[in-house]
Amino acid sequence: MLLMPNKDWHWEFNTRYQQLSVSLGSEMEFLTPYKSKLLIPDALGMTEFSVEHAKYYIRLLEILPKVLHISDAGIVQTALNATAAYFLLKPQMPKSWFFMASDECVFCGAGKLFQLNCNGVMVLVLVVEDSLQAATVMLLSNSCALSDTKSLNQFDAIKVMHNRLHPLRKAKQVVAA
């Protein structure tokens, strides 16, 4: 069952866990992975889950089941984290140097899936926000080691230039005659 937003939803900073959360009514709270140092100042208090937030979230609920083969709970988790990343994370500068360039030009847009090649390891990412030359992406793979001391965890966001996005490869179907 996919959760649909309503007037009771709002963002708040959970001081117990020191992370952004979404209150989904009086009895349910969803904890995002985003800590205070990553958030815009407005996210450190209580903020409404606005109509814009709801439109973005619902758009992802429509797109994600078509491209990801995960449970409804996983779709909701991914869509809520992407919505938080789009509206409430601080802007970033691209950090493309961690990833290998792609040989293919891609059409980028929010909700599209791509791969990033980091030291020969391909990881799955979701485009959260697209601009003229770069995209903010959210890691869907479990983790990505950027260097010996720096890594990304699932749902962490990073901004990269478009030429770092590798299109997903579909398995070719071979028909024998």
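Return the residues of the range 98-129 that are surrounded by fewer than 19 Cβ atoms within 10 Å (Cβ to Cβ), out of contact with any helix residue (DSSP H, G or I) (no Cβ under 9 Å at 6 or more places or on another chain) and under 22 Å from residue 150 (Cβ atoms); say none if nothing qualifies.
If the condition is that a residue be surrounded by fewer than 19 Cβ atoms within 10 Å (Cβ to Cβ), out of contact with any helix residue (DSSP H, G or I) (no Cβ under 9 Å at 6 or more places or on another chain) and under 22 Å from residue 150 (Cβ atoms), then 120, 121, 122, 124 are the ones that fit.
For the range 1-38: of the residues being part of a loop (DSSP other than H, G, I, E, B) and among the acidic types (Asp, Glu), which is farthest from residue 59 (Cα to Cα)? Quick ask: steps written out before the conclusion?
First, the residues of the range 1-38 that are part of a loop (DSSP other than H, G, I, E, B): 1-9, 15-18, 24-28.
Now restrict to residues that are among the acidic types (Asp, Glu): 8, 27.
Working: 8: 20, 27: 25 Å.
That would be 27.
In the range 54-72, which residues are open to solvent by 70 Å² or more (accessible area, probe 1.4 Å) and of a type in the set (A, V, I, L, M)?
70
Residues are listed down the side, and each one gets a yes or a no for (1) more than 21 Å from residue 70 (Cβ to Cβ); (2) free of Cβ contacts under 8 Å to residues at least 60 places away in the same chain; (3) not hydroxyl-bearing (Ser, Thr, Tyr):
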{"position": "89", "(1), (2), (3)": "yes, no, yes"}
{"position": "92", "(1), (2), (3)": "yes, no, yes"}
{"position": "100", "(1), (2), (3)": "yes, no, yes"}
{"position": "109", "(1), (2), (3)": "no, yes, yes"}
{"position": "117", "(1), (2), (3)": "yes, yes, yes"}
{"position": "123", "(1), (2), (3)": "no, yes, yes"}
{"position": "127", "(1), (2), (3)": "no, yes, yes"}
{"position": "130", "(1), (2), (3)": "yes, yes, yes"}
{"position": "135", "(1), (2), (3)": "yes, yes, yes"}
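Out of everything in the range 3-13 that is under 26 Å from residue 158 (Cβ atoms) and among the aromatic types (Phe, Trp, Tyr), what residue ends up being farthest from the chain's Cα centre (by Cα)?
Taking the candidates together, the pick is 13.
Please work out which residue is farthest from residue 155 (Cα to Cα), limiting yourself to the range 14-46 and to residues that are over 18 Å from the mean Cα position of the chain (by Cα) and open to solvent by less than 30 Å² (accessible area, probe 1.4 Å).
The residue in question is 25.
The values are calculated or read from the model by the stated rules, or taken from the named source; none is laboratory data. What you are looking at is a predicted structure, and each value in this text was computed from that prediction instead of being measured. Cβ coordinates were reconstructed from backbone atoms using ideal geometry, including for glycine residues, and neighbour counts include every protein chain displayed. Just the protein is used for accessible areas: all its heavy atoms, side chains included, with ligands, DNA and RNA removed. Shrake-Rupley method; radii C 1.70, N 1.55, O 1.52, S 1.80 Å.
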